[in-house]
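Peer 1: Just dropping this structure here.
The values are calculated or read from the model by the stated rules, or taken from the named source; none is laboratory data. This one's a predicted model, so the numbers in the text were calculated from it and none came from an experiment. Reconstructed Cβ throughout: ideal geometry from the backbone, glycine too, with neighbour counts over all protein chains shown. Just so you know, the surface numbers come from the protein's heavy atoms only, side chains and all, with ligands and any DNA or RNA stripped out. Shrake-Rupley method; radii C 1.70, N 1.55, O 1.52, S 1.80 Å.
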Amino acid sequence: MDGARGWQGKDSDTAISRVAVVGGGTAGWMAAAALSNKLKGLPVSIRLIESDEIGTVGVGEATLPHIRAFNSTLNISEPELMKATEATFKLGIEFCDWGQIGDRYIHPFGDYGPVINEIPFYHFWLRMKSHGDASRLDEYSFPIMAAENGRFRHPSPDLSKIESTFGYAYQFDASLYARFLRRYSEANGVVRTEGKVVGTHLNSETGFLETVTLDSGEVAGADLFIDCSGFRGLLIEQALQSGYDDWSKWLPCNRAIAVPCETRGPLTPFTRATARTGGWQWRIPLQHRVGNGHVYCSDFISDEAAERQLLENLEGPTLAEPKKLFFTTGRRRSFWNKNVVAVGLSAGFLEPLESTSIHLIQDGLTELLTLFPEKSFRRSDIDEYNRRMGLHFERVRDFLLLHYVATQRDDSEMWRHFRSLELPDSLQEKITAWTTRAYIIKYEFGVFHPPSWIAVMLGQNLRPRGYDRRADAVTEGNLVANAAAIRRDIAAAVRSTPEHAAFIEQIGAASGTAALAASAT
Ligand SMILES: Cc1cc2nc3c(=O)[nH]c(=O)nc-3n(C[C@H](O)[C@H](O)[C@H](O)COP(=O)(O)OP(=O)(O)OC[C@H]3O[C@@H](n4cnc5c(N)ncnc54)[C@H](O)[C@@H]3O)c2cc1C
């Protein structure tokens, strides 16, 4: 009988039974949806408190492919989601004017060519290039060629096919996504409370958050609080003073102006980021409109000039007043502090150049569910969560910074500023390994894999001096013939791929807006 001791199951006194999510933006409703799904069947109540009067950030439209895994664990149907959020498909991001004015390249969601004898194809391409080959690396990427031709299809499940070699994400209205997840969460038992949090109460001995007080006078308690209150960090900062690491010295952009406009031309299956003199401009095509915004640094361009540049570079008439946003790039020093976990903008913010914010919400929720606490809140679990999230944020920071420093531009104060910037060691090492022997150091954690780094480095003219010498083992004739066959296969696969708008109609994901219908004809 002694052997059974310690196997009696969880003590109900130690298990978390009440979770409160404060904030109902994209982060809040993603948290509510994920927790209500993963904790289904357990005696855990989840409530979400949000204030319509305060509102949400209300921008955020481009995502990364990982969001599909998030949606699929919730059993969300793709056409239903796309219709409800005015979504389009995204094969990558087109970067214009980053290396030099006039340059353009696509960062695709997929690899370049096959792996041959364990060596990634780009090494063979670099070898061919050194012998004068004229092909672009892009021609070995199905998602780039499909994007350039305005086409989209789902990846083939047959892994031997070239059409299986990519991932995809969505461009959608993040506010509508939050609304969609609200319906999902409420159907799953999440209770929503409308109200403004006006006070917090900490336990005088432990410093743990015990209750929040609403403007109605109601006092709401929980074992675990998830702070999704946005930039203000109502619980993690205002109540617990967790601190913020300001990363402006590396990523100085601190403002954005966002404005939607009418669509002109065919529906593109990619996001565009165009470098400007004091920042950069996004273009995100949705089914019913195009989202645009100018992210900039107030040290290098005035608000008036930034707004003028944005409005002068729209493809159609505006559909709303421009919206101004202010932020400080960086991360919360402790994402998880005592019994409060910050997710979303309350955890930190990195400019949306690579569409990473919603992804970092997903990372936060995945790590939280992996390390889901008991009421005792083990110090080591909290430390591990903070370590992992710190790495997720740092990896994104390095990748964003790469876009600003791998450049030949010096035509404005901002670009000259980046020329003399001292880089984080982690990024400096990565650049050196690339420029010497075309090697991409793989990080522990981090959302961007080698093909993403290669896309930006080559796209911005950071050319390596060498390549993996094992690539020389293949005969020249074989290599050239194989490379030509890959290019031909991709071109043929793209020709048989539907136009983007037509594919959205075909799978029943069209919301019925006139803009999409015009594009599909
Ligand atoms: C310029 C810009 C562009 C972006 N573009 C992208 C993009 O393309 N892709 C991407 O992935 N991400 C993007 N993002 C980020 C994305 O918008 C956010 O990560 C996402 O919307 C999550 O925001 P949130 O839910 O954390 O905060 P918010 O949207 O600010 O929501 C905060 C919530 O907290 C509530 N709240 C606050 N205070 C109280 C209170 N006292 N009482 C009760 N409730 C309260 C509010 O009512 C609201 O419901 C962008 C962000 C910015 C600033």
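Peer 1: Could you list, in sequence order, all residues of segment 133-170 that are open to solvent by less than 60 Å² (accessible area, probe 1.4 Å) and free of Cβ contacts under 8 Å to residues at least 12 places away in the same chain?
Peer 2: Within segment 133-170, SER156, SER164 meet the criteria.
Peer 1: Against the conditions (1) closer than 21 Å to SER248 by Cα; (2) at pLDDT 95 or above, where does ARG419 fall short? Just the number, please.
Peer 2: Failing condition for ARG419: (2).
Peer 1: Looking at segment 214-227, which of its residues are more than 10 Å from the ligand (Cβ to nearest atom) and either among the aromatic types (Phe, Trp, Tyr) or open to solvent by 60 Å² or more (accessible area, probe 1.4 Å) (or both)? Before you say what the answer is, go through the steps one by one.
Peer 2: Step one: of segment 214-227, the residues more than 10 Å from the ligand (Cβ to nearest atom) are 216-226.
Across segment 214-227, the qualifying residues are SER216, GLU218, VAL219, PHE225.
Peer 1: Report yes if some residue within segment 439-447 is under 30 Å from ALA305 (Cβ atoms) and in contact (Cβ under 8 Å) with a residue 12 or more places away in the chain; otherwise report no.
Peer 2: Residues of segment 439-447 that are under 30 Å from ALA305 (Cβ atoms), as a first pass: none.
Within segment 439-447, none of the residues are under 30 Å from ALA305 (Cβ atoms) and in contact (Cβ under 8 Å) with a residue 12 or more places away in the chain.
Peer 1: Which of the residues spanning segment 406-417 are part of a loop (DSSP other than H, G, I, E, B) and of a type outside the set (Asp, Glu)?
Peer 2: Kept after step one, since they are part of a loop (DSSP other than H, G, I, E, B), are these residues of segment 406-417: 406-412.
Listed by number, the residues that qualify are ALA406, THR407, GLN408, ARG409, SER412.
Peer 1: A further question follows. Give the residue that is farthest from the ligand (Cβ to nearest atom), with candidates limited to residues of segment 180-191 that are surrounded by fewer than 16 Cβ atoms within 10 Å (Cβ to Cβ) and in contact (Cβ under 8 Å) with a residue 12 or more places away in the chain.
Peer 2: This residue is GLY189.
Peer 1: Right, LYS129: assigned to a helix (DSSP H, G or I), open to solvent by 30 Å² or more (accessible area, probe 1.4 Å), farther than 28 Å from PHE152 by Cα and of a type outside the set (Asp, Glu) or not? Spell out how you get there, then give the answer.
Peer 2: On the way: assigned to a helix (DSSP H, G or I): yes; open to solvent by 30 Å² or more (accessible area, probe 1.4 Å): yes; farther than 28 Å from PHE152 by Cα: yes; of a type outside the set (Asp, Glu): yes.
Against the criterion (assigned to a helix (DSSP H, G or I), open to solvent by 30 Å² or more (accessible area, probe 1.4 Å), farther than 28 Å from PHE152 by Cα and of a type outside the set (Asp, Glu)), LYS129 qualifies.
Peer 1: Same structure, new question: Test of understanding: among ALA509, ALA491, which residue is of a type outside the set (S, T, N, Q) and not in a helix (DSSP H, G or I)?
Peer 2: The conditions single out ALA509.
Peer 1: Return the residues of segment 430-457 that are part of a helix (DSSP H, G or I) and exposed (fewer than 13 other Cβ atoms within 10 Å of the Cβ); say none if nothing qualifies.
Peer 2: Of segment 430-457, the ones part of a helix (DSSP H, G or I) are 430-437, 450-457.
Scanning segment 430-457 gives THR432, THR436.
Peer 1: Do we find that GLY199 is surrounded by 23 or more Cβ atoms within 10 Å (Cβ to Cβ) and in a strand (DSSP E or B) in this structure?
Peer 2: Values: surrounded by 23 or more Cβ atoms within 10 Å (Cβ to Cβ): no; in a strand (DSSP E or B): yes.
So GLY199 does not fit the description; no.
Peer 1: Still on this structure, I have one more. Of all the helices (runs of 4 or more DSSP H) wholly in segment 297-405, which have at least 1 residues that are among the aliphatic types (A, V, I, L, M), touching a residue at least 60 places away in the same chain (Cβ under 8 Å) and within 14 Å of the ligand (Cβ to nearest atom)? Before the answer, list the steps.
Peer 2: Details: elements: 303-312, 357-370, 379-405.
The helices (runs of 4 or more DSSP H) meeting that bar are 357-370, 379-405.
Per-residue answers, yes or no, for (1) more than 10 Å from the ligand (Cβ to nearest atom); (2) basic (Lys, Arg); (3) farther than 30 Å from GLY291 by Cα; (4) in a strand (DSSP E or B):
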{"residue": "SER160", "(1), (2), (3), (4)": "yes, no, yes, no"}
{"residue": "TYR170", "(1), (2), (3), (4)": "yes, no, no, yes"}
{"residue": "THR193", "(1), (2), (3), (4)": "no, no, yes, yes"}
{"residue": "VAL212", "(1), (2), (3), (4)": "no, no, yes, yes"}
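Peer 1: What is the residue count in segment 226-249 for residues that are within 19 Å of the chain's Cα centre (by Cα) and within 26 Å of ALA406 (Cα to Cα)?
Peer 2: Residues that pass the stated criteria total 1.
Peer 1: Return yes when ILE490 is in contact with an Asp or Glu (Cβ under 8 Å, 6 or more places away or on another chain), under 20 Å from ILE106 (Cα atoms) and buried (at least 18 other Cβ atoms within 10 Å of the Cβ) and no when it is not.
Peer 2: Yes.
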